[in-house]
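Read-outs: derived from the displayed coordinates by stated rules, not from any lab. Nothing here was measured: the structure is a model prediction, and the numbers come from that model. Virtual Cβ from ideal backbone geometry, glycine too; neighbours counted across all protein chains shown.
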């Protein structure tokens, strides 16, 4: 029961994050969608580790890897936003269509 | 059912925290200011950290709270730098392909939810006397050391990459000095913008959005 609650919450966070990543026009908001999906992944990992793995340390390791992925995504994402803004004065996804032409 | 992980009070608190995490996650895309959105996301992460604390993962839970407190402060700074409406004085809704996004999000939730409800995961909670933090430390500096070290090198590469991407200067002056995009035809005019030309192909801020 507890695990079901936690996993359903994680699924909801992943769905919300997917919605945000697909729908937001601003780069920063788009990244918040990605972060929200990782939040769901972290919640599911913690839930599985605590309630279904019998405390295998590898589960905690996976949670730490998810957090490292969050840090990488955040740092590289903001660096890309700054680079794009310097080049194009763009902060919206619609402004970046050059590869289409 | 004497296990702290499955006692009813813990279950209720877990339910509330999970609901709070999902609600604040939803608020991220519904508030009128990006700063509020980033703090809402921080609350969502903190709820997940608290769930970690409740589910006998103190290290992961506290690390999540600390990391997200700092990360969302950085995010708030970026919000103020890049957004047009920091104070949330006007309604803010900047979305595209809204219907598709809602459908995709719902499909992800319903698909995952169905899989969760239809499957019967094993029930094997962490033993209450387990020394989970010590176990994690032994794992990190023992059998999984290579993974841990790889994560460290990845973070180093991330730092280098972030500095290179966001730096205005190249090694010998401006990074794009003298660069010229190739033409679309042989000897034709450069494709796209030439360096030095200011302003992109449009800096539109859509208030109101499409949906």
Gaussian network model of chain A, Cα within-10 Å springs - most flexible of A:11, A:52, A:41: A:52
Percentage relative contact order, chain A, counting C-alpha pairs under 8 Å, at least six apart: 26
Residue with peak Gaussian network fluctuation, chain A [Cα springs, cutoff 10 Å], from A:53, A:36, A:13: A:53
Förster radius 41 Å - calculated FRET efficiency between residue B:185 and residue A:89, Cβ distance, rounded to 0.05: 0.90
FRET efficiency estimate (nearest 0.05) - Cβ-Cβ, residue B:106 to residue B:81, R0 25 angstrom: 0.15
Selected from A:32, A:70, A:56 as most flexible by GNM, with chain A as the system and alpha-carbon contacts under 10 Å: A:56
Distance in nm between pseudo-label sites at residue B:168 and residue B:7 (7 Å out along the Cβ direction from Cα): 5.9
Over the stretch A:2-92: Kirkwood hydrodynamic radius from C-alpha pairwise inverse distances, Å: 14.2
Burial ranking of peptide ranges B:69-78, B:14-23, B:125-134, B:48-57 (average Cβ count within 10 Å, highest at the top): B:48-57, B:14-23, B:69-78, B:125-134
Rounded Å value of the spacing that divides the Cα centres of the stretch A:1-25 and the stretch A:43-101: 15
Sorted by Cβ neighbour density within 10 Å, fewest at the top, the residues B:82, B:45, B:148: B:148, B:82, B:45
Cα shape, the stretch B:17-124, gyration tensor, a/c 1.5 rule: oblate
Likely footprinting exposure, A:91, B:7, fewest C-beta neighbours within 10 Å first: B:7, A:91
Cα-projected label distance for residue B:117 with residue A:4, points at 7 Å along beta-carbon direction, nm: 0.9
Exposure proxy ranking, count of Cβ atoms within 10 Å, fewest first, for B:79, A:1, B:34: A:1, B:79, B:34
